[in-house]
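Peer 1: Mind having a look at this structure? Questions to follow.
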Amino acid sequence: MLGLQKKRIYLGRGLGMWAYWLHRLTGLALVAYLLLHIMVISSATGGAQSFDPLLATLQSPLFVLLDLGLLALVLIHGLNGIRIFLFDLGIGIASQKQLFTGLMAVAVVIFLIGTAISWPHMFK
Amino acid sequence: MATQSVTPATKPTEFSMADVWVWILQRVTGIALILFLGIHIGVLHFIELAQGIYINFGSVHQRLSTVLFVVVDYSLLALVLYHALNGLRNVIFDFELSDSTRRLVNRGLLLFGVIFFAYGVWGLLPLIAGK
């Protein structure tokens with residue numbers, strides 16, 4: 001029977017816990033996206049006649065919106081990944097909460113830029 | 001005087017040098033992905049989109065006619081598959097598993113990764129060749 005190792009798994013409280021679980025959940029979602037992404041691009045083996053209609057659908061307004069969700073996942077995972085890497089170097093552990101807040105602020109800024117670029121393509 | 005034996009609450013985590021390298025590579029691929037994926041997503045999804053360029057067979061072929069982009073795309077494929085599947089392995093290993101199950105997970109993910117890498121390499125060939 002599968003059971004979480006309660007003594008080893010991180011079940012803390014506060015912002016650090018959110019950072020940890022967000023990293024895991026966004027990571028799992030990105031694994032699923034990656035495999036789908038590879039399969040979509042590999043439709044090129046059927047030539048332009050199978051690649052182009054599929055890619056046209058995936059660039060329709062609905063999917064441009066979904067791409068923003070993908071951008072959010074990548075930003076959370078990537079920027080928090082920098083935080084984890086800094087901890088490995090012994091940097092910033094004491095101010096881990098401020099570091100998380102700061103990096104997520106960067107994520108919001110990049111997300112808003114991405115939204116501004118995508119905006120016209122979501123309503124055509 | 002009888003010596004009292006101390007039993008640790010949990011078995012100390014055992015790891016080998018191979019585990020250490022797997023862990024280090026997760027960090028190395030992670031940092032590399034910030035750069036590579038930043039370019040990949042930035043160029044394909046946002047810079048080209050801002051210019052009104054849509055992705056189709058022809059536009060991808062044109063981009064892949066530069067050797068640099070072929071190298072970038074295939075490197076990205078290897079980096080991201082390693083990082084994703086090893087990350088999945090980290091999550092799976094949060095669960096209490098027997099050594100034999102762990103070995104099975106390791107071998108299964110390795111095989112899956114090799115197959116998906118080959119699949120990705122094969123999938124991009126027509127876009128490089130342009131037919």
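Peer 1: Report Rg/Rh for the range B:53-131, rounded to two decimals, where Rg is the Cα radius of gyration and Rh the Kirkwood radius.
Peer 2: Across the range B:53-131, the Cα-based Rg/Rh ratio is 1.16.
Peer 1: Give me the tail of P(r) for the range A:23-72 as a percent: Cα-Cα pairs with distance above 16 Å.
Peer 2: Value for the range A:23-72: 49 percent of Cα pairs lie more than 16 Å apart.
Peer 1: What accessible surface, in Å², does a 1.4 Å probe find on B:Leu25, ignoring ligands, DNA and RNA and rounding to the nearest 10?
Peer 2: Probe radius 1.4 Å; accessible area of B:Leu25 about 80 Å².
Peer 1: In Å² (nearest 100), what accessible area is buried between B and A, both sides summed, heavy protein atoms only, 1.4 Å probe?
Peer 2: Heavy-atom accessible area buried at this interface is about 3600 Å².
Peer 1: Could I ask something else about it? Using the Kirkwood formula on the Cα atoms of the range B:24-72, what hydrodynamic radius do you get, in angstrom to one decimal?
Peer 2: Evaluated over the range B:24-72, this radius sits at 12.1 Å.
Peer 1: Could you pull the accessible area for A:His121 with a 1.4 Å probe, rounded to 10 Å²?
Peer 2: 20
Peer 1: Further, regarding this structure: Consider just the alpha-carbon atoms of the range A:53-124 and return their Rg together with their Dmax, both in angstrom.
Peer 2: Rg and Dmax of the range A:53-124, Cα atoms, are 15.9, 51 Å.
Peer 1: Give the relative contact order (percent, whole number) for chain B; include only Cα pairs under 8 Å separated by 6+ residues.
Peer 2: In percent, rounded to a whole number, it is 33.
Peer 1: If you take each beta carbon of peptide A:60-73 and count the beta carbons of other chains within 10 angstrom, what is the mean?
Peer 2: 1
Peer 1: If the elastic network links every pair of Cα atoms under 10 Å, which of B:Asn106, B:Asn86, B:Asn56 fluctuates the most in the Gaussian network model of chain B?
Peer 2: B:Asn56
Peer 1: Separate question: What list of ³J(HN,Hα) values in whole Hz, one per residue of the range A:65-81 in order, does the Karplus curve 6.51 cos²θ - 1.76 cosθ + 1.60 (θ = phi - 60°) give from phi, with Gly and Pro shown as x?
Peer 2: For the range A:65-81, the Karplus curve yields 5, 5, 4, 5, x, 4, 4, 4, 4, 5, 5, 4, 5, x, 6, 5, x Hz.
Peer 1: Let me ask something else. Would you calculate, for chain B, the mean residue ellipticity at 222 nm contributed by helices, counting each DSSP H stretch of 4 or more residues as -39,500 (n - 2.57) and dividing by all residues, to the nearest 500?
Peer 2: The helix-only estimate for chain B comes to -24000 deg cm²/dmol at 222 nm.
Peer 1: Please work out the Cα convex hull volume for chain A and give it in Å³ per residue.
Peer 2: In chain A, the Cα hull volume divided by residue count equals 163 Å³.
Peer 1: Let me ask something else about it. Which three semi-axes in whole Å describe the equivalent ellipsoid of the protein assembly as shown, each the square root of 5 times a Cα gyration tensor eigenvalue, listed largest first?
Peer 2: Three semi-axes, in Å: 38, 23, 15.
Peer 1: Could you derive backbone 3J(HN,Hα) for the range B:58-64 from the dihedral phi with the Karplus parameters 6.51, -1.76 and 1.60 (θ = phi - 60°), listing whole Hz in sequence and x where the residue is Gly or Pro?
Peer 2: Result, ordered by residue: x, 5, 5, 4, 4, 5, 7 Hz.
Peer 1: Among A:Leu89, A:Leu112, A:Leu65, determine the one that fluctuates most according to a GNM of chain A built with springs between C-alpha atoms less than 10 Å apart.
Peer 2: Answer for the Gaussian network model of chain A: A:Leu89.
The values are calculated or read from the model by the stated rules, or taken from the named source; none is laboratory data. All values derive from a computational prediction rather than experimental measurement. Cβ: placed from backbone, ideal geometry, glycine included. Neighbour counts: every protein chain shown. SASA here: full protein model, heavy atoms, side chains in, ligands and nucleic acids out. Shrake-Rupley method; radii C 1.70, N 1.55, O 1.52, S 1.80 Å.
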